1. For Lys55, list long-range residues whose amide hydrogen, built 1.01 Å from N in the peptide plane, is under 5 Å from its own amide hydrogen.
2. Give me the number: length gained by fully extending Asp67 to Thr13, i.e. 0.36 nm times residue separation minus the C-alpha to C-alpha distance, one decimal in nm.
3. How much length is gained if the chain between Val54 and Tyr35 is pulled fully straight, taking 0.36 nm per residue apart and subtracting their Cα-Cα distance, in nm to one decimal?
Amino acid sequence: MRIRRTLAAVIATAALAGLGLTGAATATAQGGSGYTTPSQCREGGGTPYLHNTVKCWGGKYDGMIVD
């Protein structure tokens, strides 16, 4: 019984650590591109500002160029 709990704790910790690394890699990949579409900007909670600067304001893609 004790071995099962220990094994479950190790597996759970490894799974959570893996999810954290995957999330960080995904965020880096998205942030590194610098471009987003108007629909992605809206879905991420931002507002595409298409007047002078053509950037996404707010949300997940804040500051990215809208292409």
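1. Tyr49, Val66
2. 15.5 nm
3. Extra length from Val54 to Tyr35 when fully extended: 5.8 nm.
Every number here is computed from the coordinates shown, using simple stated rules; none is lab data. It should be emphasised that the depicted structure is a prediction, and the values quoted were computed from it without experimental measurement.
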